[in-house]
Structures are given as C-alpha cells and as structure tokens.
Amino acid sequence: MSLRKSTCLTPQRLDAARHNSQRSTGPRSEAGKERMKMNALKHGCDAAPENEAAVMRALGEDPERYAALQRELATTYGPGDALWDHQVADLGKLYWRRNRIERMETGLMRRALQAEEERQRVRRDQIAAATFDASSSLATDPKLAVPAEPCARLRQQLSRLTAIHEQLRQGVVTSEQKYTIRNFLGTVPGWRPARIDQLMSMFSNRAHCQAHNDKQKLNEYVNEQMGGEANVEVLWRELLRLLEEEIAAVQAAFEEEMKVQEEKDAIERDACLAPAGETWEMLLRQEAGLDRSIDRKVRIILALRQEHARECRGGSRTDRTGTPWRAPTQEASPPGNEPNDRAAEELSKVVGLDAGTESPAEENATQTPKSPEQSENVIENKGPAAEEVHR
C-alpha cells in the first residue's frame, strides 16, 4: 500500500487536465504533419508504397533518381505486359535497396573511422601536453598528472629528465628533483636507474646541508657517504653521464613506441572497412539476400523475355516440365524483333535459362536423322579401331 496520499480529483483539476491535454496533440497543420510523420523512420525498408517518395527524401535520397532507374530498367529489358512491368518494377526496388545497404555500410565505416581519428587526436593532444622545454617549472611539479597513454607517458618522462639534466648542469640541486626521478625510475629495473636514484639522494642531502650552513654535518656526510671532497666531482660527472644515457634510452623507447602506434593506427584504419558488431553482420546478411533476390528476378525477366521472343517467332510456349501448352503457330516474327530475339537468346545462355525451356521435340528438330546404312557404317568403323587399340 502506498504511503503517499492520493490527490483529490476536483472539478478544477479535471478542467485543467483536459485543457493541458489539448496542448500535447502534436502538429495540427498539414505542413506540420508532413514534417513530423517521418520522425520514427529508421531504414525505410518496410514503408508503405504511398510513402516511398517521403521516405527517400527523409533518408537523403532523390526520388527522381529512383524514377530514372525504373525508366532505365524498362528501356533495358524492353516493353511487355503487366506481369513484365511488375517484375521490372520489383527489380528496380531491389537495386535501390541494394544501394541503400551500401550507403549504410559506408556510414558504419565512416563512423568507425571517425572514432579512430578521435582516439588518435586525443593521443596527439596528450603528447603535446606532455612536451615542455627545460626551463619549464613542470619538470619537478608533483601535481602534474601522469598520462595513461604510453607515448604521452614516455614523452613526459623524457621532458622531465631532460629538464632535470639541464638544471644539474647549471648546478641547481633540489629535493624535488630527487623525488621526481624516484617516481619515474623507482620501478624501472636495471642498475642505471638505481644508481641515478642513489646519486641524486647523495647530492640532494649534500645540498640540504649546504642550505642550512651546517658545515660539520656537511663534512661528515661528504666523508662518510661520498668518499671525501675529492670524489664529489667524480660522482657529479657520473650522475650527469648516467642521466644522459637514461635520456637516450627513453628517447629510443619513445620513438619505438611511436612506430608501434603508427602501425596500430594503420591496422585500425583498415579494420574500419569491416566494423564488427551485430549491425554490420545484419547488413551483410541483407546484402547477400538482396543479391540472391536480384539474381532470381533477372532470371525471371529473361525467361519472360525468351518466352515472348519465342511467341513472336511462332514457336510453342512451354511450362516448367517442357510440355507445350498450345499448338505452334506458323506466324512469322516481325522483322523489327529479330535483334531483340537474338539478344534475348544470348542473355538467356549467359544466365543458363536456355536449358529446359525448349521441348524435346524442338531440341531434336535441329538434328538430321540418320539412315540405317549410316548407322551400320558407324558401327563398322568403330570395330577395327577398337581392335587396333587392343593390339
């Protein structure tokens, strides 16, 4: 049971509700209804025939181009009866839907390519943000976030190490330098990062003692930890040399990572030509189904054209079993239809429609009957040849 107290429906509330409902009835003018009726349109494959032109315009298509396609197909396959016209019209719809599927596939490819370009742009921006000169204060800034992208992370590390190396060459040593190097090189395996961290700690502690003017503590630290004042210069040159080597190693790693990313980018751009997902697989299935439908429709139209040419020549029209359904007429075909008849026969042979469309009597009509004497001669001629083969 709800704890909320139900509102009392007073006459004033009822009138207000009725008045407000009149404001949410949608467009009322014919122009508004015409604009809004295609809001729920997705692909247009199931649209009603009377809405075909509106659907095409809503999908960015030109109805005039569709009409031109229908006229071109009608001209290509020639005039015919009502059944013929319906078959040609259906073929035009199949071709138009096939072009629409190709546009959908192109749209998915472009969407995937835009997503890949956006990812590459973000990486370029991160690399640019991680690049700064040696005089920048960002070299030892602990608040500077470390980017997650490998190339940008290596670029930031390279910029910081280069800036710290330049500061050390100028004789500037701070505790922030020690912590910055430790954050970058503390988890890096190898003796060189460990030695750099050790030397930076030595010189950072020495600089701390010098800043507090504690000469006794400074002398004790230099003699115990650094091997005397004479060894300080040696350790200093070693630190600078190791930093230069580490900078060169990071530079090489950064360049190698950039090459790897370029190869990955090329692969991802190629993969955009075949996006993965249920939508892409559905479009491929629809495309294959339309190809089969177009092939069947073309065969039907060519079969009708062949039957029409046979009737014009005075032949017999046959059914699927090869049985003639009416007696042949001896009317001569019109002189103007002879090129069309030959074209129909050639197209029928290309798609394999000539097999099974003529009756056995028509197929045997072109063969010249042989006499018994000719048949015996054939048998006699085969005999000696067979004997020679056995010998």
*Only one of (1) outside any helix (DSSP H, G or I); (2) out of contact with any helix residue (DSSP H, G or I) (no Cβ under 9 Å at 6 or more places or on another chain); (3) modelled with pLDDT of 80 or more fails for residue 16. Which number is that?*
(1)
*Does at least one position in segment 3-11 carry a residue that is part of a helix (DSSP H, G or I) and either at pLDDT 85 or above or within 23 Å of residue 292 (Cα to Cα) (or both)?*
no
*Kindly list, by first and then second residue, each pair from a residue in segment 220-232 that is assigned by TED's automatic domain parsing to the domain that holds residue 207 and within 12 Å of residue 205 (Cβ to Cβ) to a residue that is assigned to a helix (DSSP H, G or I) and among the β-branched types (Val, Ile, Thr), limited to pairs with Cβ atoms under 9 Å and residues at least 6 apart or on different chains.*
222/232; 226/232
*Give just the number: which of (1) at pLDDT 90 or above; (2) out of contact with any helix residue (DSSP H, G or I) (no Cβ under 6 Å at 6 or more places or on another chain); (3) surrounded by 15 or more Cβ atoms within 10 Å (Cβ to Cβ); (4) not hydroxyl-bearing (Ser, Thr, Tyr) does residue 94 not satisfy?*
(2)
*So is residue 108 in a helix (DSSP H, G or I) and either modelled with pLDDT under 80 or loosely packed, with under 12 Cβ neighbours inside 10 Å (or both) or not?*
no
_Boolean, residue 193 is surrounded by 15 or more Cβ atoms within 10 Å (Cβ to Cβ) and either in a helix (DSSP H, G or I) or free of Cβ contacts under 8 Å to residues at least 24 places away in the same chain (or both)_ = yes
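Matching residues to (1) closer than 30 Å to residue 121 by Cα; (2) among the β-branched types (Val, Ile, Thr); (3) in a helix (DSSP H, G or I); (4) touching a helix residue (DSSP H, G or I) at 6+ places or on another chain (Cβ under 8 Å):
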| position | (1), (2), (3), (4) |
| --- | --- |
| 257 | yes, no, yes, yes |
| 270 | yes, no, yes, no |
| 274 | yes, no, no, yes |
| 282 | no, no, yes, no |
| 285 | no, no, yes, no |
| 299 | no, no, yes, yes |
| 303 | no, no, yes, yes |
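Quick grid of which residues meet (1) of a type in the set (S, T, N, Q); (2) surrounded by fewer than 15 Cβ atoms within 10 Å (Cβ to Cβ):
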{"residue": "123", "(1), (2)": "no, no"}
{"residue": "139", "(1), (2)": "no, no"}
{"residue": "145", "(1), (2)": "no, yes"}
{"residue": "148", "(1), (2)": "no, yes"}
{"residue": "157", "(1), (2)": "yes, no"}
{"residue": "163", "(1), (2)": "no, no"}
{"residue": "171", "(1), (2)": "no, yes"}
{"residue": "185", "(1), (2)": "no, no"}
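The values are calculated or read from the model by the stated rules, or taken from the named source; none is laboratory data. Because the structure is predicted, anything quoted here is derived from the model rather than measured. With ideal geometry, Cβ positions are generated from the backbone for all residues, glycine too; neighbour counts draw on all protein chains shown.
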